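To keep things clear, I will list the structure first and then write my remarks on it.
Any read-out appearing in this document is the output of simple, stated calculations on the displayed coordinates, not a laboratory observation. All of these numbers come straight from a predicted model, not from anything done at the bench. Positions of Cβ are generated from backbone atoms using ideal geometry, with glycine treated the same way; all protein chains shown enter the neighbour counts.
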Amino acid sequence: MYQLPSCNPSKTISIPTELRDSLSCLDIVWSNIFETVDSKINPDRARQYEVDFLQGAPPTWPNFDKSANLQLVERDGFNELIQLIEDKREKSCLITDVSLQYQPGSGGSTLAMQVLWYFRKDLRCARVIDSDLDTKKLSKQVVDLFLLSNEEHAEQDRKTVLLLLDTKEKMDNDLPIKNDLWENLIEEIHNRGISSQTPVVIILNCITADFSLNDTLILDSKLSEEEIRQFKEKLLQQIRLQRKSQWEVTTIKLLYHKDSSGSAVVREVLQDLREEFTCDIQKEPFTTEITENKERFTRQIEDMANKLHGKYETHKKPVLLLLDHKDDKSLRYLLKKLQSKLQRSDRTDHPAFIIINAVRKSIVRVPGHVKLKLELLPDEKEKFAQKRQEIEKKHRKISKMFHAFNIMQGGFQKEDAEKVITEEMVNHIGKDKKSSSTRLLSFLALINSYVPGSHLLKPLCKKFIEQKEWPTDEGKPSVEMIMKPFMDLIVIFSDGEQNCIRLKHPMIADMCLKMFTENNLTRSDITLDFLDFMVIGNESNYGQICKRMLVTRPDGLIEKEKFSRLILDIIREGKTNKYISLLERASNLFSTDPFYPQALARLYYIGVTEENKYHKAEKWANEAIKRDPKKSYIRDTLGQVHKNHLRSEVKKPCTNIDKMLLIAQSATDAFKREEKAAEDELVDNTRFNNRGHFGFLQVCKEISDLRPLISPNNPLQQKYINGFRAEVESKYDFFECYLTFSRLSNKKDDPDYICQDVEDCYKRYFTQGDQNEEKTLNEKKMKSFGGLLHFLKSDINVLKQICSAIEKPQSKNETQTILYIFANIILSQSDEPSEKSQELQDMLQKLWSTEAQGRSPEFYLLILLLFWSHEAKQEKENPPNFENCVKYMSQSYEGRYHKYLRGRHLVPLFFYGKGEGLQILVHSKLDKTDLDLLTEGDGSVEVKCLQRIDGKVEDHKVFAVRNGQQIPVVAHNRASVCRRGQVSFYLGFTIRGPVAYNIRYQNCNHGTFQLFPERTCIERKI
């Protein structure tokens, strides 16, 4: 009988077959796995599992059974993960998570499974089975695993679930699977009426990452000598990892405490590496900000890039550069300039620049995640060396074939992967490039290099062989016989349903690809062959692999790369027709998929130089739209084609204004149709696509630059250009609210260029005669709520200078009153003279008394900001009712902003502080660390400048208790609302309403589970 841990540490719970079968989305690690007579593994099978794993097959649960196998090496992150999960077990929340970021081939999946195995007798451990992932169905099964029973009396059956999520992201989803799962889990927990003082679920979230491009390290203050030594080892590990990469420029971000010896430690490391690298140190390199003087800033960046590039050209060794400064906002401009100076044709097997971006901080936070890299630390090298001796003793000669283990044990060196390819293999490929064995190996090399962890299905490999070499049933050899010349590189394993084939390690795949290209079999040839003879007829089996190889764009240092990694490599091979025909073939194979023609359109307008490239790009962009006419992001490509066509025409010495205006019209029409599609998509609760609005403004900016080319005798063309003024202003207003009230996510801002281009476009259409452009923009900002907030973030002096433009309202005009009041709040935040809070309250109360409902979210926000304090409420007769105010604000937000801001992080505009009058308000431009603690921390957090608000939780809803009223507030972290009770929290205000941050339960006793259907409560101590 299968068993799981109970709340009672000395007992387990037997799981009936019916319940076990219902948990089909989960691979559960039973607490008694391999311990019963029925579940014990045959020694021969156990040995085979071990051999397969050491060769390079994915890990299976028998690999972790110490009674039948050698114990696996625990990599550096094992103990860190264990400790993080132990800490998370004590958190008072419904759901929490721990992240494991790993490079493919580094053992990330193995490490995650080791952790589940470690906790199998203490937590309910399960791995998500990644097949047609339905997060709602998965959420239900995870909660079933936590409860094991729906009976009210069975709370003793409940136990925290440790859930391993090691899946690939969905291609058509702009949010990670974990985010979707998180929301569905909370809904399921709420629907079941579950309450708990410890987590229902701990998600162990595995994410693949490319540390060879960038990474972040943290150095705190008051470290011991041993801790500093360990930090140096990790810094060296990261430098050596990036030294092996083929990126042109890589970065290491170091956040170090101002009281630590961070800068000195890095300098010591650079001193040790001066023979291997060209080392350079620059302290406070950026003396000018782009907002201060754009020309001087640009010149400074250009000079710095020229100097660094000169060093690289002189020494032909990677430049290891330490930038030591307080602020790294300007770094992205230097990175772009360095990348532009490096010619891809001069590509080497190492980066030209490794930049250590050291930033001093007053507070640094220890990260809540673990990283696993393709580089070993010294302690790990010792562990692997000892393990190799054990393996050689047990498996003797066969251990030489354990390439996955041997490559890891050797420190992931290219030489170790290269030497497994024998001279006989090379000769076989040279003599017989068209044989089934050579071609199958090339397919494996291709997919394992560009989609690490992927595999070919053995039955389909057999079918491929039979089609080409054995059309009859007589004397058919096995796949193993055909692949005999290369069997030392291959591992065959079962995924539970079918037998699969892959190369033993991604680094072997890279070396095999290199071998094929040296034998004149290019990546494009192999990919085309793969599509024509392996994928065709099996599109459903290889659809995701093809999409990740040909369509998915990897993240670069600054933004996403222009094309997929495979397409970029084929472009570097210089065969233009090859990569076009390749994507055309893929587009024909996957004839309903819009992403392939979309990629082709991008390829034409970005990567091709032929004369009629924009017409061909337009053709493919239209084909993509035809395949999915409702998807706005697909429509965006057509607008981008026309926009780039217009820009190329403007650069030509001989201009044809009529042609350019026709292209401009096509571009604006395309972006308008995209806007319409984006609006229509909102019915399906998707995140709003702003690219149509933004693309339209970018085209209007280009159109504005055509004014000098228009003849004075052609008033129609002049009228056409000026005709965009109203739409430019409307879209400027949209982005001002959009970027002020929200951001991409809690941790990620929108790119700077969006705000810059929006403002530039507005200035070009509304600056009159000799008027100063910045004055034009500032006057516009004075007329809106979001614009006024901008002054607090940038330059309050501008607001002071032109504040006289906002006159004290003489009427009951809501807009004028809001602007006047908010301008005074902004001035008060910078300790500038402002109207007294009592007079501002009087203005608001008059509006409230005449009509409380149906006003703007900004109006209700001001009510909350000015009347929240006890004193304000007590001084006024019939003050605004907060319960009604919050309800009306939510309704107003739903009608005005919700559909555009859904899926984005709503920015807290103010927090409730400790001062008096208007000084009690604290703008969200807090110390960055305090803001991080508010948005990422828990109930233990203390922020000195803010005061906690008393509240309560009922039915998973949070209320602030204020002057006898129960005011509903939104929990910033819904998972922290885990049971009924008295709470306190920091209060923030977004454009949607009040938000509770860092919720803290009063008199919290860990280890209690509760269930209260229909608001009844049952408790049991464990």
message: With unit charges on the beta carbons (Lys and Arg positive, Asp and Glu negative) and the dipole taken about the Cα centre of region 63-153, which residue among 142, 85, 63 sits farthest to the positive side?
response: 63
message: Working only with C-alpha atoms, what are the Rg and Dmax values of region 539-629, expressed in angstrom?
response: 12.7, 38
Rounded to the nearest 20 debye, dipole of the chain from Cβ charges on Lys, Arg, Asp, Glu: 1000 debye
message: Let me check against my output: what whole-number percent is the relative contact order of region 214-372, with C-alpha pairs under 8 Å and at least 6 apart?
response: 37 percent
- request: Taking H placed 1.01 Å from N in the peptide plane, check which residues at least 5 places from residue 162 or on another chain put their amide H under 5 Å from its amide H.
  value: 124, 125, 126, 202
- line: Kirkwood Rh over alpha-carbon pairs of region 836-1022 plugged into Stokes-Einstein at 25 °C, 0.890 mPa s gives a D in µm²/s of 140 µm²/s
task: Take the chain, drop everything but the C-alpha atoms, weight them equally and run the Debye formula without solvent; then report log10 I(q)/I(0) at 0.05, 0.06, 0.07, 0.10 Å⁻¹ to two decimals.
output: -0.37, -0.53, -0.74, -1.53
message: What three numbers, in Å, describe the spread of the alpha carbons of region 214-372 along their principal axes, ordered from the longest?
response: 43, 39, 27
message: 5 Å is the cut-off here: which amide hydrogens, built 1.01 Å from N in the peptide plane, fall below it relative to residue 369, excluding neighbours closer than 5 in sequence?
response: none
Compactness of region 644-708 - radius of gyration and Dmax, Cα, Å: 14.2, 48
Within the chain, percent of DSSP bridges classed antiparallel, to nearest 5: 50 percent
query: Across region 542-550, in residue order, what do the Karplus-derived ³J(HN,Hα) couplings come to in whole Hz, using 6.51 cos²θ - 1.76 cosθ + 1.60 with θ = phi - 60° and x for Gly and Pro?
result: 10, x, 5, 4, 5, 5, 5, 6, 9
Long-range HN-HN contacts of residue 56 with modeled amide H, under 5 Å: 404
- line: Note to self: Kirkwood Rh of region 812-923, Cα pairs, one decimal, Å, is 14.6 Å
- request: Find out how many positive minus negative residues lie around residue 938, taking Lys and Arg as positive, Asp and Glu as negative, among other residues whose Cβ is under 10 Å from that of residue 938.
  value: +1
Around residue 973: net Lys/Arg minus Asp/Glu count, Cβ-Cβ under 10 Å: -1
field: Cα-based shape type of region 584-702, given that a ≥ b ≥ c are square roots of the gyration tensor eigenvalues and the cut on a/c is 1.5
entry: oblate
- prompt: Taking K and R as +1 and D and E as -1, what net charge do the other residues with C-beta under 11 Å from the C-beta of residue 767 add up to?
  reply: -1
message: I need the phi-derived Karplus couplings for region 27-44: 6.51 cos²θ - 1.76 cosθ + 1.60, θ = phi - 60°, integer Hz, Gly and Pro marked x.
response: 9, 8, 8, 5, 5, 10, 4, 6, 9, 8, 4, 5, 9, 5, 8, 4, x, 5
- prompt: What ³J(HN,Hα) values, in whole Hz, does the Karplus curve 6.51 cos²θ - 1.76 cosθ + 1.60 give for region 906-912 when θ = phi - 60°, with x put for Gly and Pro?
  reply: 6, 6, x, 7, 9, 10, 8
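When a footprinting reagent is the concern and you count Cβ atoms within 10 Å, what order do 113, 401 take, fewest first?
In order of increasing Cβ crowding within 10 Å: 401, 113.
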message: Can I get the semi-axes of region 625-763's equivalent ellipsoid? Compute them from the C-alpha gyration tensor as square roots of 5 times the eigenvalues, in angstrom, largest first.
response: 28, 18, 13
- prompt: Among the lysines, which have Cα under 17 Å from the Cα of residue 373 when same-chain residues fewer than 8 positions away are ignored?
  reply: 232, 234, 244, 253, 381, 383, 414
